[in-house]
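Participant: Structure incoming, see below.
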Amino acid sequence: MNWWAIAAIYRFEMARTWRTIWQSVVSPVISTSLYFVVFGAAIGSRISEVEGVSYGAFIVPGLIMLSVITQSIANASFGIYFPKFIGTIYELLSAPVSFLEIVTGYVGAAATKSLMIGLIILGTAHLFVPMQIQYPLAMLAFLTLTCLSFSLFGFIIGIWARNFEQLQLIPLLIVTPLVFLGGAFYSISMLPPVWQTITLFNPVVYLISGFRWSFYGLADVALGWSLLAILGFTCLCLGAIWWIFRTGWRIKN
Amino acid sequence: MATMISVETVSKTYASGPAALTDVSLSIEQGEILALLGPNGAGKTTLISIICGLTTMSGGRVTVGGHDVITDYRAARRLIGLVPQEIALEPFERVQNTVRLSRGLFGLPRDDGYIEETLRKLSLWDKRAAQSLELSGGMKRRVLIAKALSHEPEVLFLDEPTAGVDVELRKDMWDIVRDLKARGVTIILTTHYIEEAEAIADRIGVINKGEILLVEETAALMKRMGQKQMVIELQAPVDAIPASLAKYDLSLGDDPCSLVYSYVTQAGRRPGITALLSDISDAGLRLRDVQTRQSSLEDIFVDLVKEPRA
Ligand SMILES: Nc1ncnc2c1ncn2[C@@H]1O[C@H](COP(=O)(O)OP(=O)(O)O)[C@@H](O)[C@H]1O
Ligand SMILES: [Mg+2]
């Protein structure tokens, strides 16, 4: 393993985060506060409790997931798309590094940033609603795994994208709807039976359900399925990236 | 001398378009400066990209320092520094940080002393804290060189280092190259300027349409390629070259009123134009005009292709 290379990529990518740290921190804080005002106050006044948890507290895990998933994809896809776009990728391709090292550096940095944002949102949410976390370690593990797997996914999008529009396309058209429909702001059990079944085909449901369980011990689907879903997704992304580097798809001629 | 880079029957066809390289074989000696000379689209960048790992070859084999660039890519790439043709730098990052990144990527621990030395040598030390976007084009190219040198490579590729660079910077670039050679670095540079190849290369490889036409010592090649012609226009037609001018390499021009004198300009070799002109007037011929032309790269390719290859 070329550890120095991993460290160098990681540090270089994190430098981008530190350069724009205020934007990175301020925007999630503001958007979280807005969600609380809109969802918490407007909807929460009609739905007081979901399965014994106040609505404001109930949406916190979904809200964190929404931000963390979006941020992971955005950070990682931009992180690798930008060198492709400005041409600095030549250096990565000519360096004695393996795909595993490149991915570790880029995805590690993207995931770190979204993990930080996830924790900031958690802190902000805490200011709005009182809540307790039943399984803090499980919560951190779920959060970290989500950051990692969606950063991997973002990395793939960044390599696939040929322009900035394509970079936005998948998050906008697929991921955001899946997250919104994945029970970020409601419990699956509140849906009519037919929709409950359809919803089970949405992979994000499993992530949010597992994450929410770590907060309140409540889950829409069995915990095992949640773990399986996130690990499966991670493996799928890793496999795709391995194939990309082996064939040079969209990076080498 | 030991072979540093060996390219064996490498070919490349891009997904779109005809072959960019056809059966290219080339051997580069340790410590030499090799210039790859060829017009745009000849395949110079493609060849470099294949050696450095940016492009996959369609066939053939390449080793650097004895290491196969595909099966043993880590060992091969560790030896190589690459300065690409197109300037590519992270716009907001500071010079020193981008150079540090390069060193790390090549698997070396941080060494600010060495990086300082490199930046100083390239007159970049004052700019170490500048963002790339604040730098002029020439400075950016120096940063690319600093990045390529950051891991103390044994082989340096410079892809058209002086294209679009002003005269002064070009001279600087040549000095940098000579200095690296003095330190034992093997250097491969591409250019489409004959003068540039002549000025700094030990050997010149001529490449056109994806084929290496020849690789030869610079001095020997310049003797063949650096031909100039002087067209002497006369006031009256001549049917034959006067006997008194037989000692010159003269021929009749296309126009009956002209003579063509072929000569080689090289340091230390006087073409004897003054003597020729005075002999012409002694022979009773009267001049109307004189013009010289240097064989262009294209002419040279035509000549090379016509000549049987050595
Ligand atoms: N990425 C690419 N895709 C398709 N064709 C390419 C690509 N890069 C170069 N070529 C073609 O390959 C040939 C050699 O190009 P190149 O190696 O860039 O030449 P040079 O560096 O000598 O100017 C040219 O015909 C060029 O059009
Ligand atoms: Mg080129």
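Participant: Listed highest first by mean packing, meaning other Cβ atoms within 10 Å per residue, what order do A:204-215, A:98-109, A:129-140 come in? Before the final figure, lay out the partial values.
Facilitator: Details: A:204-215: 25.8, A:98-109: 21.5, A:129-140: 13.8.
For the peptides A:204-215, A:98-109, A:129-140, the packing ranking is A:204-215, A:98-109, A:129-140.
Participant: Explain nothing, just the number: relative contact order of the range A:45-191, from Cα pairs under 8 Å at least 6 residues apart, as a whole percent.
Facilitator: Relative contact order here is 44 percent.
Participant: Can you list residues from other chains, or at least 5 along the same chain, whose modelled amide H is less than 5 Å from the amide H of A:N2?
Facilitator: A:S98
Participant: Got the relative contact order for the range B:3-222 handy, in percent, Cα pairs under 8 Å and 6 or more residues apart? Show your work: numbers first, answer last.
Facilitator: Numbers: 417 pairs, mean separation 65.8, N = 220.
Normalised by residue count, the contact order of the range B:3-222 is 30 percent.
Participant: Mind grabbing the interface size between A and B? I mean buried accessible area, both sides, 1.4 Å probe, in Å² to the nearest hundred. Mind dumping the intermediate values first?
Facilitator: On the way: alone 12590 and 15520 Å², together 25470 Å².
Between A and B, the summed buried area is about 2600 Å².
Participant: Counting heavy atoms of the protein chains only and a 1.4 Å probe, report the per residue accessible area for the protein assembly as shown as a whole number of Å². Could you put the intermediate results ahead of the total?
Facilitator: Numbers: 25470 Å² over 563 residues.
For the protein assembly as shown, the per-residue accessible area is 45 Å².
Participant: Give, as a single signed number, the net charge of other residues whose beta carbon lies under 12 Å from the beta carbon of B:W174, with Lys and Arg counted +1 and Asp and Glu -1. List each step's numbers first, then the result.
Facilitator: Details: positive: B:R170, B:K171, B:R178, B:K181; negative: B:E168, B:D172, B:D175, B:D179, B:E195, B:E196, B:E198.
Result for the local shell: -3.
Participant: A further question follows. Determine ³J(HN,Hα), in whole Hz, for all residues of the range B:142-154 in sequence, where each value follows from phi through the Karplus function 6.51 cos²θ - 1.76 cosθ + 1.60 and θ = phi - 60°; x replaces Gly and Pro.
Facilitator: For the range B:142-154, the Karplus curve yields 5, 4, 4, 5, 4, 4, 5, 8, 4, 10, 6, x, 8 Hz.
Participant: Averaged across the residues of B:146-152, what count of C-beta atoms belonging to other chains lies within 10 Å of each residue's C-beta? Display every interim value, and only then the final one.
Facilitator: On the way: counts 0, 2, 2, 0, 0, 3, 0.
Partner Cβ neighbours, averaged per residue: 1.
Participant: Per the 1.4 Å probe, what fraction of the accessible area of the range B:6-128, in percent, lies on carbon and sulfur atoms? Present the calculation step by step, with values, prior to reporting the outcome.
Facilitator: Numbers: 2330 of 4850 Å².
That share works out to 48 percent.
Participant: Put B:M222, B:M57 in order of accessible area, largest first, 1.4 Å probe: what do you get? Don't skip to the end; give the middle numbers.
Facilitator: On the way: B:M222 10, B:M57 35 Å².
Largest accessible area first, the list is B:M57, B:M222.
Participant: Next question, about the same structure. Dipole size in debye (nearest 20) for the range A:1-113 around its Cα centre, Lys and Arg Cβ +1, Asp and Glu Cβ -1? Each step should come with its number before you reach the end.
Facilitator: Details: 6 positive and 5 negative charges, 56 e Å.
Result for the range A:1-113 is approximately 260 debye, rounded to the nearest 20.
Participant: A further question follows. What are the residues whose amide H is under 5 Å from the amide H of B:L156, where those residues sit 5 or more places off or on another chain and H is modelled from the backbone?
Facilitator: Hits under the 5 Å cutoff: B:G81, B:T186, B:I187, B:I188.
Participant: Here's another thing I want to ask about it. Where a ≥ b ≥ c are the square roots of the eigenvalues of the C-alpha gyration tensor, would you call the protein assembly as shown rounded, which needs a/c under 1.5, or, failing that, prolate if a/b is larger than b/c, or oblate?
Facilitator: Working: a/c = 3.15, a/b = 3.02, b/c = 1.05.
Judged from the Cα gyration tensor, the protein assembly as shown comes out prolate (a/c at least 1.5, a/b above b/c).
Participant: The range A:1-27: which residues show an accessible-area loss of 20 Å² or more, assembly versus chain alone, 1.4 Å probe?
Facilitator: A:N2, A:W4, A:A8, A:R11, A:F12, A:R19
Participant: Additional query: Using a simple charge model, +1 on the beta-carbon of Lys and Arg, -1 on the beta-carbon of Asp and Glu, nothing else, what dipole does chain B show about its Cα centre, in debye to the nearest 20? Don't skip to the end; give the middle numbers.
Facilitator: Numbers: 36 positive and 43 negative charges, 151 e Å.
Dipole about the Cα centre, nearest 20: 720 debye.
Participant: For chain A, what is the relative contact order in percent, using Cα pairs closer than 8 Å and at least 6 residues apart in sequence?
Facilitator: Numbers: 291 pairs, mean separation 66.2, N = 253.
Relative contact order, chain A: 26 percent.
Participant: Right, another one. What's the FRET efficiency of B:D126 with A:F82 using the Cβ-Cβ distance as r and R₀ = 30 Å, to the nearest 0.05?
Facilitator: Working: r = 27 Å, r/R0 = 0.92.
Once rounded, the FRET efficiency stands at 0.65.
Participant: Need the per-residue list for the range B:44-75: every residue with at least 20 Å² less accessible surface in the complex of protein chains than in the chain by itself, probe 1.4 Å, sorted by number.
Facilitator: Residues shielded by partner chains are B:G53, B:L54, B:T56, B:Y73, B:R74.
Participant: Cα-Cα over 30 Å: which of A:K252/B:K121; B:K12/B:K121; A:K84/A:K113? All intermediate terms of the calculation are to be shown ahead of the outcome.
Facilitator: Values: A:K252/B:K121 33 Å; B:K12/B:K121 37 Å; A:K84/A:K113 21 Å.
Result: A:K252/B:K121; B:K12/B:K121 exceed 30 Å.
Participant: For A:H126, B:H67, give me the order by solvent-accessible area with a 1.4 Å probe, most accessible first, ignoring ligands, DNA and RNA. Numbers along the way, then the final one.
Facilitator: Numbers: A:H126 105, B:H67 60 Å².
Listed by decreasing accessible area, they come as A:H126, B:H67.
Participant: Report, to the nearest whole %, how much of the accessible area of the range B:171-255 belongs to carbon and sulfur atoms, 1.4 Å probe, protein only.
Facilitator: On the way: 1950 of 3990 Å².
Carbon and sulfur atoms account for 49 percent of the accessible area of the range B:171-255.
Participant: Using a 1.4 Å probe over the heavy atoms of the protein chains, calculate the carbon and sulfur portion of the accessible area of the range A:3-247 as a whole percent.
Facilitator: Numbers: 7920 of 10760 Å².
C and S atoms contribute 74 percent here.
Participant: Turning to a different aspect of this structure: Looking at the protein assembly as shown, send over the antiparallel percent of its DSSP beta bridges, to the nearest 5. Don't skip to the end; give the middle numbers.
Facilitator: Values: 41 of 59 bridges.
So the antiparallel bridges in the protein assembly as shown amount to around 70 percent.
Participant: Considering only DSSP states other than H, G, I, E and B, which trypsin sites (Lys or Arg not before Pro) in the range B:48-114 qualify as loop sites with at most 14 other Cβ atoms within 10 Å? The partial results should precede the final answer.
Facilitator: Details: sites: B:R61, B:R74, B:R77, B:R78, B:R94, B:R100, B:R103, B:R110; in loops: B:R110.
When the trypsin sites (Lys or Arg not before Pro) of the range B:48-114 are filtered for loop state and at most 14 Cβ neighbours within 10 Å, B:R110 remain.
Participant: Take the Cβ-Cβ distance between A:R162 and A:L228 as r, set R0 to 35 Å, and report the resulting FRET efficiency rounded to the nearest 0.05. List each step's numbers first, then the result.
Facilitator: Working: r = 34 Å, r/R0 = 0.96.
Plugging the Cβ-Cβ distance into 1/(1 + (r/R0)^6) gives 0.55.
Participant: Enter the accessible area of B:D166 (Å², nearest 10), with the probe set to 1.4 Å and all protein chains included.
Facilitator: 100 Å²
Participant: Separate question: For a quick check of understanding: with a 1.4 angstrom probe and all protein chains in place, what accessible area in square angstrom does B:E152 have, to the nearest ten?
Facilitator: 100 Å²
Participant: If you take the beta carbon distance between B:S136 and B:N40 as r and set R0 to 22 Å, what does 1/(1 + (r/R0)^6) give as a FRET efficiency, to the nearest 0.05? It would help to have the intermediate numbers written out before the result.
Facilitator: On the way: r = 24 Å, r/R0 = 1.10.
The formula returns an efficiency of 0.35 here.
Participant: Residues of B:94-104, mean number of Cβ from any other protein chain within 10 Å of their own Cβ, rounded to a whole number?
Facilitator: 4
Participant: While we're on this one: Ordering A:F153, A:F85, A:F128, A:F12 from largest to smallest accessible area (1.4 angstrom probe), what's the sequence?
Facilitator: Details: A:F153 50, A:F85 120, A:F128 95, A:F12 25 Å².
So the residues, ranked largest to smallest area, are A:F85, A:F128, A:F153, A:F12.
The values are calculated or read from the model by the stated rules, or taken from the named source; none is laboratory data. On a predicted model such as this, the values are computed, not experimentally measured, just so you know. Note that we place each Cβ from the backbone using ideal geometry, even for glycine, and neighbour counts take in every protein chain shown. Remember, those area values only see protein heavy atoms, side chains included, never the ligands or the DNA or RNA. Shrake-Rupley method; radii C 1.70, N 1.55, O 1.52, S 1.80 Å.
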